[in-house]
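Visitor: One structure, pasted below without further comment.
Computed from the coordinates by the stated procedures, all read-outs in this text should not be read as laboratory data. All values derive from a computational prediction rather than experimental measurement. Glycine gets a Cβ as well: all are built from the backbone with ideal geometry, and neighbour counts include every protein chain shown.
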Amino acid sequence: MPVVKVDIDTAAPAHPEASILIIYTGGTVGMVFDEEHQHLVPFNFSQILDKVPELRQFNYLITVLSVEPVIDSSNVSVADWLMLASLIEENYAAYDGFVVLHGTDTMAYSASALSYLLENLEKPVIFTGAQLPIGLIRTDARENLITAMQIAATKANGKSLVPEVCIFFHNLLLRGNRSKKVESSHFDAFKSENYPPLAEAGITIDYLPNTLLPHPEQAFKAHQKLDDGVAVLKLFPGITPHVVKSVLQASEVRGVVLETYGSGNAPTIAWFLELLQEAIDRGVFILNVSQCDEGRVDQGRYETSKHLLNMGVIGGADITTEAAITKLMYVLGLGLDAVKTRELLASNLRGELTILKD
């Protein structure tokens, strides 16, 4: 996919304090209103200082890579995630941090996918966007962009303060693979119910160091494979064998996120358990995720989840559906044997779930 590059040096002629790569994929954040044609169009990022004059106060070297054509976030694909991972890998050594401008509808999926693809990340990759276009008076785009860039540039003792993939939106910095879009018409569009914010932006940006991932000891690596043979099966009262079969018996499905009730509970009807067992016996990996926004899967706590535990369904703990489906894609894409695949799916790879100690 072609990209257009724009360099903006707000530090000139002084030496820049930080170098930031902005990757614009699409979304409301980069839209302006075209008076002539009366609709929203992507704006020219070479004019970003006119739209966001506050950037002149930063001593940053800013580079914008604009993907063409822009991607409506409802159309985002596995290929787009791999493209983003490649762009970050290609530019990793040259920049202190990365800001990805993205549509809000699937931002949590994209941030989760990138968290897995970018292994041993030492630099911030901050996703952000907006509920209103950058050209409007009440837009949230300017504040989200400015703060995301500041976070991406922040260092402590010579190292990036936030060495992970995050979402910054409406004053909160959230771990990307812990986030979920919860609002379509308010500015506080994202929440992380099972993990605290990494930082809160008010008069100052207050970081919570104990919530951040540690700096890795191994070298950075960008993966370039995801397996899209995955599906989500959401349980509901009255679900029929036909519906369950349509997911579990699909020929190309290798992994299924099973959205269960409460702490991981599911029907104990014989036909349902038999279909699950048949799928597992064929080599399909089933990851149990709660439909509840808060709380966690605890297989075996109730009789209605003990059957799942015994047959080999993998407990997803407090992982979100967005992080679970992209984790399945990533782990299956590694091409490991069944034992190692199950082990990784149950493990905490990038801070996406909490392992409780006995």
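Visitor: Any idea what log10 I(q)/I(0) is at q = 0.13, 0.14, 0.18, 0.22 Å⁻¹ for segment 230-346, Debye with uniform C-alpha scatterers and no solvent?
Guide: Log10 I(q)/I(0), no solvent term: -0.43, -0.50, -0.86, -1.35.
Visitor: Given the Cα-Cα distance of Arg282 and Ser74 and 0.36 nm per residue of separation, how much length would full extension add, in nm? Intermediate values should be presented prior to the final figure.
Guide: Details: separation 208, 0.36 × 208 = 74.88 nm, distance 3.21 nm.
Using 0.36 nm per residue and subtracting the Cα-Cα distance, I get 71.7 nm.
Visitor: Additional query: Obtain the radius of gyration and the Kirkwood radius of segment 128-201 from its C-alpha atoms and give Rg over Rh.
Guide: Details: Rg = 12.7 Å, Rh = 12.9 Å.
That ratio is 0.99, to two decimals.
Visitor: Label points 7 Å out from Cα along the Cβ direction at Lys245 and Glu193: separation in nm?
Guide: Those two pseudo-labels are separated by 3.3 nm.
Visitor: Moving on to the next point. So for the chain, what are the equivalent ellipsoid semi-axes in whole Å, largest first, each being the square root of 5 times an eigenvalue of the Cα gyration tensor? Intermediate results must be reported in sequence, preceding the final value.
Guide: Working: eigenvalues 296, 90, 69 Å².
Each semi-axis is the square root of five times an eigenvalue, giving 38, 21, 19 Å.
Visitor: Measure off 7 Å from each Cα along the Cα-to-Cβ vector at Ile269 and Leu336, then give the distance between these two points in nanometres to one decimal.
Guide: Placing both labels 7 Å beyond Cα along the Cβ direction yields 3.5 nm.
Visitor: Further question: Can you compute 3J(HN,Hα) from phi for each residue in segment 220-236, using the Karplus curve 6.51 cos²θ - 1.76 cosθ + 1.60 with θ = phi - 60°, rounded to whole Hz and x for Gly and Pro?
Guide: Along segment 220-236, the couplings run 4, 8, 9, 7, 10, 8, 10, 9, 8, x, 10, 8, 10, 10, 9, 6, 7 Hz.
Visitor: Relative contact order of the chain, please, whole-number percent, based on alpha carbon pairs below 8 angstrom and at least 6 residues apart. Could you put the intermediate results ahead of the total?
Guide: Details: 768 pairs, mean separation 50.8, N = 358.
Over the chain, the number comes to 14 percent.
Visitor: Based on Cβ point charges of +1 for Lys and Arg and -1 for Asp and Glu, what charge dipole magnitude is obtained for segment 202-329 about its Cα centre, in debye rounded to the nearest 20? Let's see the in-between values first.
Guide: Numbers: 10 positive and 15 negative charges, 50 e Å.
For this selection, approximately 240 debye.
Visitor: Let me see the P(r) profile for segment 245-313: every Cα-Cα distance counted, bins of 10 Å, each bin given as a percent of all pairs.
Guide: Spelled out per bin, shortest first, that is 22, 54, 23, 1.
Visitor: Continuing with this model, one more query. Could you calculate the FRET efficiency of Glu54 with Asn348 from 1/(1 + (r/R0)^6), where r is the beta carbon distance between them and R0 is 41 Å, rounded to 0.05? Don't skip to the end; give the middle numbers.
Guide: Numbers: r = 38 Å, r/R0 = 0.92.
Calculated value: 0.60.
Visitor: Right, here's the next one. Hey, what did segment 230-346 get for relative contact order, percent, Cα under 8 Å, at least 6 apart?
Guide: Values: 193 pairs, mean separation 30.2, N = 117.
Relative contact order for segment 230-346 comes out at 26 percent.
Visitor: Dipole size in debye (nearest 20) for the chain around its Cα centre, Lys and Arg Cβ +1, Asp and Glu Cβ -1?
Guide: 660 debye
Visitor: Ok, one more. Below 10 angstrom from the Cβ of Pro197, what's the summed charge of the other residues (Lys, Arg +1; Asp, Glu -1)? Each step should come with its number before you reach the end.
Guide: Working: positive: Arg175, Arg178, Lys191; negative: Glu200, Asp206.
Neighbourhood net charge equals +1.
Visitor: Net charge around Glu322, counting only other residues with Cβ within less than 14 Å of its Cβ (Lys, Arg = +1; Asp, Glu = -1)? Provide the component values of the computation, followed by the final result.
Guide: Working: positive: Arg175, Arg178, Lys180, Lys181, Lys191, Lys234, Lys327, Arg350; negative: Asp105, Glu193, Glu259, Asp293, Asp318, Glu352.
Residues close to Glu322 contribute a combined charge of +2.
Visitor: Work from the charge dipole of segment 62-172 (Cβ charges, +1 for Lys and Arg, -1 for Asp and Glu, about the Cα centre) and give the residue of Leu118, Phe168, Gln150 farthest towards its positive end.
Guide: About the Cα centre, the residue reaching furthest to the positive side is Gln150.
Visitor: When the Cα centres of segment 104-179 and segment 279-312 are compared, how far apart do they sit, in Å?
Guide: The distance from the Cα centre of segment 104-179 to that of segment 279-312 comes to 32 Å.
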